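Notes follow once the structure below has been shown.
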Amino acid sequence: MRLPTFRAAWLASLLLLSACATDHPASATASSTHATAAPAPVLLISIDGMGAGYLGRGDTPRLDALAAGGVRAQWMNPSYPAVTFPNHYTLVTGLRPDRHGIVHNSMRDPELGLFRLSDAKATGDSRWWDQATPIWVTAEQHGRRTAIWAWPGSGAPIQGVRPSQYRLFDGQIPFSTRAAEVAGWLTGPLAQRPALAALYVEDVDEQGHGFGPGSPQVRAALQQVDAVLGSLFDTLQAHGQLERTNIVIVSDHGMAQVMPGQVIAVEDMVSVEEAAIVSAGQVIGVSPNLGFEAVLDQRLPGRHDHYACWRKGELPARWHYGSNARIPPIVCQMDEGWDALPAAHAAQRRQLGQVRGSHGYDPALASMQASFIAHGPAFRPGTVLPAFDNVDVYPLLAHLLQLPPEPNQGTLATLQPGLKEPVAAP
Ligand code: AMP
Ligand code: ZN
Ligand code: ZN
């Protein structure tokens, strides 16, 4: 738990600024102006499913140019489970999914019932999100405007607070429209400009699922997303905002290739009579039915063909997963390149017989590695950072926005070599 040190670091930097103002009366005005001047706006962009290996291979000239003029990580480690909602909430809270409570895209809470991405009532219900405080809530609580394009959680009034501007997720709205809207937010009337804007796109993830990470469809989606981002950067440039904005581009996870036929039926793992399956796919959440607890507790934990299972309290420590009440009693993890689906769905998949892609595998696998690029006045051009965990993005965002970070599990130390100004040691 690094909160006390970060709060201390933040307080120390404030104290340092006020000390300067006191010690050097002649420069007091400049110092206090500096202390009170709004920090550069932050633009946070998520390109869902953009594995670290997708960059620098000719499909993303604008992103690669941005990285060359700023910072990129060799890769970024996703948190467990390597799926969309848990990792997006980690990026904006600095907490592992076990701690922030979005433990899977599909989950069950003892009191709230079921959560599914397709259930707008659940995704907009703050009770699912209230175990953590995302950066936009902290910003709003400090009187700063935020404008969020469908980042997971942004449709709910978390701790009673919504972004000043937000758009609910709508897969029908093309990325170019979303990006143009965000560009408008960042270049609009000064009084309404957000301190933090966020943008989300799922096209690369979708093509990755449909055709596999090495497919021409993924390359085409990457090229399109890159071109749209290029236009967004050009708009910022035309308004003199590009070099003034701290841009942080991330993905939530990578994508693994799934060969035809590499699918099993969840009913072959556990019968409908024995348990409810809370999540399927790659991380199978098993909630034994009354009377079947003991038999499943005996049978499931351990190695099986194409997967392994654990009791929730006994998952590998490096996954930081297994204490939240929303995690079912038994969790099964599929091997890379294998999926577990309801029998009917698995049969369809076998018939389809084509290469596709999945994520949600062990975050330590190269295929799950996420991307990180940052550019702007805070960043040291031409820096390539060694890999770091995605919990570290939150303290970076808090630092860029000059906000006191909430309790979190990240560290700014990994990002420090990419920052122009040294940050007080944690
Ligand atoms: P995953 O199943 O982990 O690959 O999740 C990716 C999918 O999540 C995307 O293709 C979108 O359809 C969906 N998605 C992303 N953001 C949201 C959101 N804010 N609300 C609902 N669904 C979303
Ligand atoms: Zn995703
Ligand atoms: Zn996906």
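Quick note: the coordinates plus some simple rules give every number you see, no bench work behind them. From a predicted model like this one, the values you see are computed outputs, not experimental measurements. Note that we place each Cβ from the backbone using ideal geometry, even for glycine, and neighbour counts take in every protein chain shown.
What to note about this one:
- Dipole magnitude for the chain: computed about the Cα centre from +1 point charges on Lys and Arg Cβ and -1 point charges on Asp and Glu Cβ, it is near 820 debye.
- GNM on the chain, alpha-carbon springs under 10 angstrom: the most fluctuating residue among V266, V391, V283 is V266.
- Taking only the Cα atoms of the range 129-192, the ratio Rg/Rh comes out at 0.99, with Rh defined as the Kirkwood radius.
- Rounded to whole Hz, the Karplus (6.51, -1.76, 1.60) HN-Hα couplings of the range 260-277, x for glycine and proline: x, x, 7, 9, 10, 8, 4, 5, 7, 8, 7, 7, 4, 5, 7, 7, 8, 9
- Pair A227, Q354: separation of 7 Å Cα→Cβ label points (nm): 2.2 nm
- Amide H contacts of A150: R167, each under 5 Å away and 5 or more positions distant or on a separate chain (H built 1.01 Å from N in the peptide plane; Pro and chain starts excluded).
- Built amide H within the under 5 Å cut-off of G51, gap 5+: M255
- Karplus-derived 3J(HN,Hα) values for the range 244-258, using 6.51 cos²θ - 1.76 cosθ + 1.60 with θ = phi - 60°, are 8, 9, 8, 9, 10, 10, 9, 10, 8, 5, x, 8, 9, 7, 10 Hz; glycine and proline are entered as x.
- Amide H to amide H, with H built 1.01 Å from N, G70 comes under 5 Å of G382, T383, counting only residues 5 or more places away or on other chains.
- Karplus 3J(HN,Hα) series, Hz, for the range 137-152 with 6.51 cos²θ - 1.76 cosθ + 1.60 (x for Gly, Pro): 5, 4, 4, 4, 5, 9, x, 9, 7, 10, 9, 10, 8, 6, 4, x
- Highest-MSF residue in the chain out of Q237, Q351, Q74 [GNM, Cα springs under 10 Å]: Q351
- When both the range 203-270 and the range 384-422 are represented by their alpha-carbon centers, they are found 23 Å apart.
- Summing charges over all other residues whose Cβ lies under 11 Å from the Cβ of R57, with Lys and Arg as +1 and Asp and Glu as -1, gives -1.
- Calculated over the chain, the projected area of the Cα convex hull averaged across directions stands at 20.6 nm².
- Rounded, prolate or oblate (a/c below 1.5 giving rounded, otherwise prolate when a/b exceeds b/c) for the range 275-364 by Cα gyration tensor: oblate
- Theoretical ellipticity at 222 nm over the chain - DSSP helices of four or more residues, -39500 (n - 2.57) apiece, nearest 500: -9500 deg cm²/dmol
- Top of T411, T133, T177 by mean-square fluctuation, Gaussian network on the chain, Cα under 10 Å: T177
- Taking a point 7 Å out from the Cα of N289 in the direction of its Cβ, the residues of the range 238-267 whose backbone N falls within less than 20 Å of it are 265-267.
- Charge tally around W338: other residues with Cβ under 15 Å, Lys/Arg +1 each, Asp/Glu -1 each, net -2.
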